[in-house]
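Asks: Here it is: the structure, laid out below.
The values are calculated or read from the model by the stated rules, or taken from the named source; none is laboratory data. These numbers were taken from a predicted model, which means no experiment stands behind them. A quick note on method: Cβ atoms are made from the backbone with ideal geometry, for glycine too, and the neighbour counts reach across all protein chains shown. Remember, those area values only see protein heavy atoms, side chains included, never the ligands or the DNA or RNA. Shrake-Rupley method; radii C 1.70, N 1.55, O 1.52, S 1.80 Å.
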Amino acid sequence: MQTALDVRCFSVDCWTGDVLMASGGTSDLTEVAGAMQSWLRAPRVRDFVAQWPFLRTWELAEAHERGDAVAVRWRQLREVVARTAGTALRELVEAAYEQEELRALSPGRGMHWLTFSRRAAPPVCRDLPAAMSLRDGRYRVRRPDGRMQDLDGVAETIAVILADLPEDVARQG
């Protein structure tokens with residue numbers, strides 16, 4: 001029987017800026033050194049993990065590398081809510097996606113809130129409105145100043161979100 005004292009494992013995380021691009025673990029220190037030497041040459045992440053099978057990557061890391069992380073985050077969010085969320089949240093996500101200004105922002109979900117950020121990589125912006133579905137077709141919007149407003153219907157909710165976007169965000173859409 002092996003115990004943790006008998007086993008060694010080196011954890012490797014490869015970052016580009018604030019984005020975790022690849023991760024894994026191995027007991028072979030030579031593999032770690034080789035992978036780090038390769039990583040410092042800034043390879044494409046897919047080629048990098050193919051060269052070092054103890055590492056893995058994911059779609060969003062590759063999307064950051066290509067520069068289309070916001071589009072991938074929207075697609076992933078829409079797929080998840082289509083499979084798992086209630087009708088109200090699904091309607092909110094789809095209505096937000098239809099708006100060019102919101103589609104230009106990176107979407108997220110946290111504690112039942114649909115959130116938006118100027119960037120797909122951390123840190124997430126906290127100065128944009130967010131919304132959540134309530135009961136009976138109602139929604140709550142958390143405004144950038146922290147005030148909450150309950151609204152009837154998804155169209156009214158999206159209108160309030162759009163109206164509360166800062167000028168620099170409204171202009172980029």
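Asks: With everything on Cα atoms, drop me the angle between helix 69-84 and the longest principal axis of the chain, reported from 0 to 90° to the nearest 10.
Replies: The helix 69-84 is inclined about 70 degrees to the chain.
Asks: Something else about it: For the Cα atoms of the chain, what angle does the longest principal axis make with the long axis of helix 87-97, in degrees from 0 to 90, nearest 10?
Replies: 80
Asks: Within the chain, what whole-number % of the accessible surface is contributed by carbon and sulfur, with the 1.4 Å probe and all protein chains included in the calculation?
Replies: 50
Asks: Excluding residue 91 itself, what net charge comes from residues whose Cβ is under 14 Å from its Cβ, given Lys and Arg +1 and Asp and Glu -1?
Replies: Taking every other residue near residue 91 into account, the sum is -1.
Asks: For helix 29-39, what angle does its Cα long axis make with the longest principal axis of the chain, in degrees from 0 to 90 and rounded to 10?
Replies: Once rounded, the angle reads 50 degrees.
Asks: Which of (i) 1.68; (ii) 1.04; (iii) 1.31 is the computed Cα Rg over 2.2 N^0.38 Å for the structure on display?
Replies: This structure yields the entry labelled (iii).
Asks: What is the sum of charges, Lys and Arg at +1 and Asp and Glu at -1, for the other residues whose Cβ falls under 14 Å from the Cβ of residue 139?
Replies: Net local charge, residue 139 excluded: -1.
Asks: Using just the helices of the chain, give the 222 nm mean residue ellipticity in deg cm²/dmol: DSSP H runs with n ≥ 4 each add -39,500 (n - 2.57), and the total is spread over all residues, rounded to 500.
Replies: -12000 deg cm²/dmol, from helical runs alone.
Asks: Give me the 1.4 Å probe accessible area per residue for region 31-173, excluding ligands and nucleic acids, in Å².
Replies: For region 31-173, the per-residue accessible area is 56 Å².
Asks: Compute the distance from the alpha-carbon center of region 83-102 to that of region 112-173, in whole Å.
Replies: Here the two parts' Cα centres lie 12 Å apart.
Asks: Suppose accessible area is computed on protein heavy atoms with a 1.4 Å probe; arrange 21, 148 from highest to lowest.
Replies: Ranking 21, 148 by accessible area, largest first, yields 148, 21.
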